[in-house]
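Q: Pasting in a structure now, in structure tokens, and then I'll have a few things to ask.
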Amino acid sequence: ARGLVWLRRDLRAHDHAALRLALSQCAQVHCVFVFDPHILDALPRRDRRVAFLQATVAELDATLRSLAGQAEAGLIVLHAVPEDAIPALAQRLGVQAVYASHDDEPYALARDAQVRTHLAAQGVALHTVKDHVVFERSEVLTQAGRPFSVFTPYKNAWLRQLTPTQLAEQPVAPLAHRLAPRPADLHAPVPTLSALGFEPVELPLAAGTSGARALLDDFLARMDHYHERRDFPSVKGPSYLSVHLRFGTLSVRELAGAAHARAQAGQAGAVAWLNELIWRDFYAQILHHWPHVVERSFKPAYDAIAWEQGPEAEALFAAWCEGRTGYPLVDAAMAQLNQTGYMHNRLRMVVASFLVKDLGIDWRWGERYFAETLNDFDLASNNGGWQWASSSGCDAQPYFRIFNPVSQSEKFDADGKFIRRYLPQLARLPAKALHAPWDARPLELADAGVVLGRDYPLPIVRHDAAREKTLARYAVVKATA
Ligand code: FAD
């Protein structure tokens, strides 16, 4: 039999469930990646994710060819609407089945349903398998058979259910001789960024499985310190693997396996890191069971909240996006996002809370901005993070817990190292003055050459007043909950 593996957010050629299944069922296996205009056309012409994707696809093509041991057995790369392109390619190659990994985002589900229908009309099966997470959909349920909406019991059940089967490698190499040569007319090289209609953009991270491996090796050497270092944005604490998990250049099974082994040996850093991978599974199953979260609050009572609207709110939002709020930690965090496409987890919580609870702006505005700018944007985790911060989510921060952006700054960037890196105009302020420059002594500002309102904005809101307003705004939830 012949098979076609359609790669999407599983861009690697090792430990790959769909590829493994295809290779074990078919004597000849082709692989395809489709640049989808539905997704690409909506993006700005300079987009780090597309650059990452393009470089990753090019590396994957080379890896497949070297695995197969023949130059013709590379990745077929198309730039076309997948609902048409996949059935057409299946027909052209004469395959009996198409294989792909589950993707539970609403757009992907609709796309895959259409592809399935078109393929079925041609007598071709579409086999889809779990790959993106360790446990998916309804695999981890309460004893009553319902999905979990609270993290800790979910995590405990997740850990109880974990056996070597879930983490078992799905090897590709032993069957790689079944990777089939591409027909001559499908040999086209991987399109360049400009052929895809995009401008070059500096990529602050290494793409592909090779980039992921380098990050992973670096992180494995310091995983044991993760729990102590992960909250300080100027410290190399986290793994920086999120963009690789998003595009599947590494297998989550491998990562969870490494963390689980060390966690069982009692290493606190590994326990904490595994916990984060479990949050990722948790939010993925939330999206699966409660897809309304894409549009609305997980907890319906929170849809009654009246957010700020109109030109003033839009101006505040623009100041937040551009890092001009006058709160150095918030502005430095937004500068990190805008300059690199990454933002430290602690800072994501701080800026999200600031937008919603200091500026009174609908969390969906912030969610959308993150979706446009984060290299690691993932619908389930992003939505989960925003609903957590706005208190509208499952197992969220209670609404009356409001981060103070100054004390967060004093606690997590005490010496101001992170702020100085991203706000060089404040670099000469002493650490004490850096967290709330409007409270600095005039002499300190003068010595550092800082004129507030000229070199750096005055705060756009007063936290204390904003806090009161937010408590009042959220009172409607108490009334209806
Ligand atoms: P590490 O600390 O090394 O964690 C390892 C991996 O665990 C991450 O790569 C990620 O896949 C997963 N993970 C860690 N924290 C979380 C979490 N809270 N929820 C779900 N998964 C987690 N993560 C995304 O991958 N995409 C997003 O779009 C995204 N948006 C977020 C929005 C907000 C408002 C908040 C508060 C968090 C968001 N996160 C998102 C979660 C988290 O901030 C990032 O996963 C993390 O900062 C990525 O850096 P890392 O790979 O160095 O993480």
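Bear in mind that the values in this text are calculations on the coordinates, not laboratory data. What you are looking at is a predicted structure, and each value in this text was computed from that prediction instead of being measured. Cβ coordinates were reconstructed from backbone atoms using ideal geometry, including for glycine residues, and neighbour counts include every protein chain displayed.
Q: Quick check: from the Cα gyration tensor, does the stretch 269-388 come out rounded (a/c under 1.5), prolate or oblate? Present the calculation step by step, with values, prior to reporting the outcome.
A: Details: a/c = 2.07, a/b = 1.19, b/c = 1.74.
Oblate shape, in that a/c is at least 1.5 and b/c is the bigger or equal ratio.
Q: Counting only residues 5 or more places away or on other chains, whose amide H sits under 5 Å from the amide H of His127 once H atoms are built in the peptide plane?
A: Those lying under 5 Å, H to H, from His127 are Val98, Tyr99, Ala100.
Q: Moving on. Say each of Arg213 and Arg160 gets a label point 7 Å from the Cα, pointing the same way as Cα to Cβ; how far apart are those two points in nm?
A: Modelled inter-label distance: 3.9 nm.
Q: Compute the long axis of helix 106-121 from its Cα atoms, compare it with the longest principal axis of the Cα atoms of the chain, and write down the angle in degrees, 0 to 90, nearest 10.
A: Between helix and principal axis, roughly 10 degrees.
Q: Still on this structure: Beta carbons within 10 angstrom, averaged per residue: use that to sort the peptides 217-227, 233-243, highest first. Provide the component values of the computation, followed by the final result.
A: Values: 217-227: 15.4, 233-243: 19.5.
The packing order, highest mean first, is 233-243, 217-227.
Q: Follow-up. Would you grab the residues whose amide H sits under 5 Å from the one on Thr249? Only those 5+ places off in sequence or on another chain, please, with H modelled 1.01 Å from N.
A: Sorted by chain and number, the residues that satisfy this are Leu11.
Q: Also, quick follow-up: Charges only on Cβ, +1 for Lys and Arg, -1 for Asp and Glu: so what's the dipole of the stretch 2-131 about the Cα centre, in debye to the nearest 20?
A: 140
Q: Just check the stretch 143-257 against the gyration tensor rule for me: Cα atoms, a ≥ b ≥ c as the square roots of the eigenvalues, rounded for a/c under 1.5, and otherwise prolate or oblate depending on whether a/b exceeds b/c.
A: On the way: a/c = 2.06, a/b = 1.37, b/c = 1.50.
Because a/c hits 1.5 or more and a/b fails to exceed b/c, the stretch 143-257 counts as oblate.
Q: Sticking with this structure for a sec: So what are the ³J(HN,Hα) numbers for the stretch 275-282, from phi and the Karplus equation (6.51, -1.76, 1.60; θ = phi - 60°), rounded to whole Hz, Gly and Pro as x?
A: So the Karplus estimates, Gly and Pro as x, are 3, 5, 5, 6, 4, 4, 4, 4 Hz.
Q: Using Cβ counts within 10 Å as a stand-in for footprinting exposure, how do Lys432, Lys478 rank, fewest first?
A: On the way: Lys432 14, Lys478 11.
Lowest count first: Lys478, Lys432.
Q: About its Cα centre, what dipole magnitude does the stretch 300-480 give when the only charges are +1 on Lys and Arg Cβ and -1 on Asp and Glu Cβ, stated in debye to the nearest 20? Don't skip to the answer; put the middle values down first.
A: Values: 20 positive and 22 negative charges, 79 e Å.
Using only the charged Cβ atoms, the result is roughly 380 debye.
Q: Among DSSP bridges having both ends in the chain, what percentage is antiparallel? Round to the nearest 5. The partial results should precede the final answer.
A: Working: 1 of 21 bridges.
Around 5 percent antiparallel, to the nearest 5.
Q: May I ask for log10 I(q)/I(0) of the chain at q = 0.06, 0.12 Å⁻¹, from a Debye sum over the Cα atoms as equal point scatterers with solvent left out?
A: So the normalised log intensities are -0.30, -1.14.
Q: Taking amide hydrogens as modeled 1.01 Å from N in the peptide plane, which residues meet the under 5 Å criterion relative to Leu179, leaving out close sequence neighbours?
A: Residues meeting the amide H criterion: Val29.
Q: Further question on the same structure: If you rank Trp158, Trp438 by fewest surrounding Cβ atoms within 10 Å, what's the result? Before the final figure, lay out the partial values.
A: Working: Trp158 24, Trp438 16.
Lowest to highest Cβ neighbour count: Trp438, Trp158.
Q: If you don't mind, there's one more thing I want to ask. From the phi of every residue in the stretch 411-423, what ³J(HN,Hα) in whole Hz does the Karplus formula 6.51 cos²θ - 1.76 cosθ + 1.60 yield, where θ is phi - 60° and glycine or proline is x?
A: Listing the rounded values in order: 7, 9, 9, 3, 8, x, 4, 5, 4, 4, 5, 9, 10 Hz.
Q: Here's something else I'd like to know. What whole number of Å gives the distance from the Cα centroid of the stretch 388-419 to the Cα centroid of the stretch 198-269?
A: Each part reduced to its Cα centre gives a spacing of 23 Å.
Q: Let a ≥ b ≥ c be the square roots of the eigenvalues of the Cα gyration tensor of the stretch 1-126; is it rounded (a/c under 1.5), or, if not, prolate (a/b larger than b/c) or oblate?
A: Details: a/c = 1.76, a/b = 1.11, b/c = 1.59.
It is oblate, given that a/c is not under 1.5 and a/b is not larger than b/c.
Q: Something else: Just to confirm the number: angle between the C-alpha axis of helix 82-93 and the first principal axis of the chain, 0 to 90 degrees, nearest 10?
A: Roughly 20 degrees, rounded to the nearest 10.
Q: Using alpha carbon centroids, what distance separates the stretch 362-384 and the stretch 306-359, in Å?
A: The stretch 362-384 and the stretch 306-359 have Cα centres separated by 13 Å.
Q: Still on this model: Modelled label-to-label distance, His225 and Ala313, 7 Å Cα→beta-carbon offset: nm?
A: Distance between label points: 4.4 nm.
Q: What list of ³J(HN,Hα) couplings, whole Hz, do you get for the stretch 365-373 from phi and the Karplus terms 6.51, -1.76, 1.60, once you set θ to phi - 60° and write x for glycine and proline?
A: 5, x, 4, 5, 5, 4, 4, 6, 10
Q: Provide His435, His288 in ascending order of the number of other Cβ atoms located within 10 Å of each residue's Cβ, fewest first.
A: Details: His435 23, His288 18.
The most exposed by this proxy come first: His288, His435.
Q: Still on this model: Can you tell me which of 316-326, 142-152 comes out highest on packing, and rank the rest after it, using the mean Cβ neighbours within 10 Å?
A: Working: 316-326: 18.5, 142-152: 12.5.
Sorting 316-326, 142-152 by mean packing, highest first, produces 316-326, 142-152.
Q: Taking only DSSP H segments of four or more residues, each worth -39500 (n - 2.57), what value at 222 nm results for the chain once the sum is divided by all its residues, to the nearest 500 deg cm²/dmol? If you can, show how the numbers build up before the last one.
A: Numbers: 22 runs with 233 residues, N = 481.
Per the formula, -14500 deg cm²/dmol.
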